[in-house]
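Below is one structure; the comments refer to it alone.
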Amino acid sequence: MSDALLTVDHLNVGFATKAGIVQAATDITFEIYPGEVLAVVGESGSGKSVTALALMRLHPDNTIVTGDVRFEGRDLLNMSDREMRATRGNDIAMIFQDPMTAMNPVFAVGDQIVETIRVHDSSVSKQEAWTKSVDLLKLVGVPEPKRRASQYPHEYSGGMRQRAMIAMAIANDPKLLIADEPTTALDVTVQAQVMEVLHEVQAETGSAMMLITHDLGLVAGSADRVQVMYASRLMETGTIDQIFYESQNPYTMALLDSIPDLDGLKEQLEPIPGNPPSLLNPPSGCAFRPRCAFAADVCAAEVPARVRVGDQHESRCVRTHELETLVGVTS
Ligand SMILES: Nc1ncnc2c1ncn2[C@@H]1O[C@H](COP(=O)(O)OP(=O)(O)O)[C@@H](O)[C@H]1O
Ligand SMILES: [Mg+2]
């Protein structure tokens, strides 16, 4: 494989709160390669956003971050604030669930894209940047882009706003796009359209993408690889086929049972019983143990290590090698 674009090595993120340390991301290790789409999936509260924000250094002040994060070999956690700001927006851009958090309500959409372009390259004239803004809005499927560029964010529908935010995110040709629940706030038809735009844009620009979502169903046609997160840890990492058809992890299997299957033939959806644990006082051993159909005494003893179960495929479960037989027995 070619050299990784982003390398995250043993990243830990904790929040100092009155009640104690909330350990929101633990021992997170992964890479993103140029041009690939890596999906990060897990129930709400599993630490997906916290991981993305920490590696972009956008976390709040009370945050304890350790580990090593490299972008093209450059040390993101220790570079100067100035260098980090230049990296964000230039090399790495983020798309959030709510475009209103990234857009300024008092400026026209086109002007905001102009600003994004000119902050990073002041040699571009306002006129050139405006023309580029209109082109970008066209690329993401905003109709009548010339007229729409002069409008304000509140004049856009939710789906159009999300398209505009994608336009803003790609304005400086980032090598990596981090999209955090980019379609969660939208209704289902619009969700599909925005996902399609993200794909087209990603294919057109050749950028890599980290696609964060709680919706495993969304990633089937949208990613090259998937990593599944639970209670602050990565539980399983693999290609789409490995995760959907050859999962070696009980949490992933439970997640798969809880979503409609791709051809819609599944008779019954089974929600995962129980709730994710508190990150203030997680259970000993495997954090999924209290909800796991395959839990045994050994699971309480220690946090399972990451086990390599195939090419590009890793799982955190001490019973990984027994699962094939166990699944047969219980179903
Ligand atoms: N600033 C904060 N202070 C304390 N806890 C936080 C803070 N931000 C997030 N958390 C906690 O970290 C955990 C992971 O959150 P998050 O990454 O947002 O989850 P998600 O996977 O839904 O994106 C949650 O339990 C959340 O309550
Ligand atoms: Mg989130």
Residue by residue through the range 280-285, which ³J(HN,Hα) values in whole Hz follow from phi under the Karplus form 6.51 cos²θ - 1.76 cosθ + 1.60 (θ = phi - 60°), with glycine and proline marked x?
7, 10, x, x, 5, x
Explain nothing, just the number: relative contact order of the chain, from Cα pairs under 8 Å at least 6 residues apart, as a whole percent.
19
Give me the one-decimal nm value for the distance between modelled label points at Leu269 and Ala203, 7 Å along each residue's Cα-to-Cβ direction.
2.8
Cα gyration tensor shape of the range 209-331, rounded if a/c is under 1.5, else prolate or oblate by comparing a/b with b/c:
rounded
Using the heavy atoms of the protein chains alone and a 1.4 angstrom probe, what is the accessible area of the range 110-189 per residue in square angstrom?
46
Of Thr189, Thr320, which has the most accessible area with a 1.4 Å probe, and how do the rest follow in descending order?
Thr189, Thr320
Simple SL model, points at 7 angstrom along Cα→Cβ for Glu83 and His10; separation in nm is 2.2
Once the in-chain neighbours fewer than 8 apart are removed, the lysines whose Cα is under 27 Å from Lys48 read Lys18, Lys175
For the range 289-331, just say rounded, prolate or oblate: build the C-alpha gyration tensor, square-root its eigenvalues into a ≥ b ≥ c, call rounded for a/c under 1.5, and beyond that prolate if a/b exceeds b/c, oblate if not.
oblate
How many Å² of accessible area per residue for the range 57-106, probe 1.4 Å?
55
CD proxy, 222 nm, the chain: helix-only mean residue ellipticity via -39,500 (n - 2.57) per DSSP H run with n ≥ 4, per residue, nearest 500, stands at -9500 deg cm²/dmol
Using a 1.4 Å probe on the protein chains only, how many percent of the accessible area of the range 135-203 belongs to carbon and sulfur?
52
Rounded to whole Å and sorted largest first, what semi-axes of the equivalent ellipsoid does the C-alpha gyration tensor of the chain yield via the square root of 5 times each eigenvalue?
37, 22, 18
Per 0.36 nm of contour for each residue apart, how much would the distance between Asp311 and Asp215 grow if the chain were fully extended, relative to their Cα-Cα spacing?
32.1 nm
Just the number, please: carbon plus sulfur as a percent of the accessible area of the range 37-114, 1.4 Å probe, no ligands or DNA/RNA counted.
50
What's the center-to-center distance, using Cα atoms, between the range 47-64 and the range 113-127 in Å?
28
Taking a ≥ b ≥ c as the square roots of the Cα gyration tensor eigenvalues, with a/c under 1.5 meaning rounded and otherwise prolate when a/b beats b/c, else oblate, which class fits the range 100-184?
oblate
Compute the distance in nm between two label points, each set 7 Å from the Cα along the Cα-to-Cβ direction, one at Ser125 and one at Glu155.
2.5
Gaussian network model of the chain, Cα within-10 Å springs - most flexible of Ala54, Ala19, Ala192
Ala19
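The values are calculated or read from the model by the stated rules, or taken from the named source; none is laboratory data. Keep in mind it's a predicted model, so treat the numbers as computed, not measured. Ideal geometry is used to build each Cβ from the backbone, glycine not excepted, and the neighbour counts take in all protein chains shown. Calculation scope for accessible area: heavy atoms of the full protein, side chains included, ligands and nucleic acids excluded. Shrake-Rupley method; radii C 1.70, N 1.55, O 1.52, S 1.80 Å.
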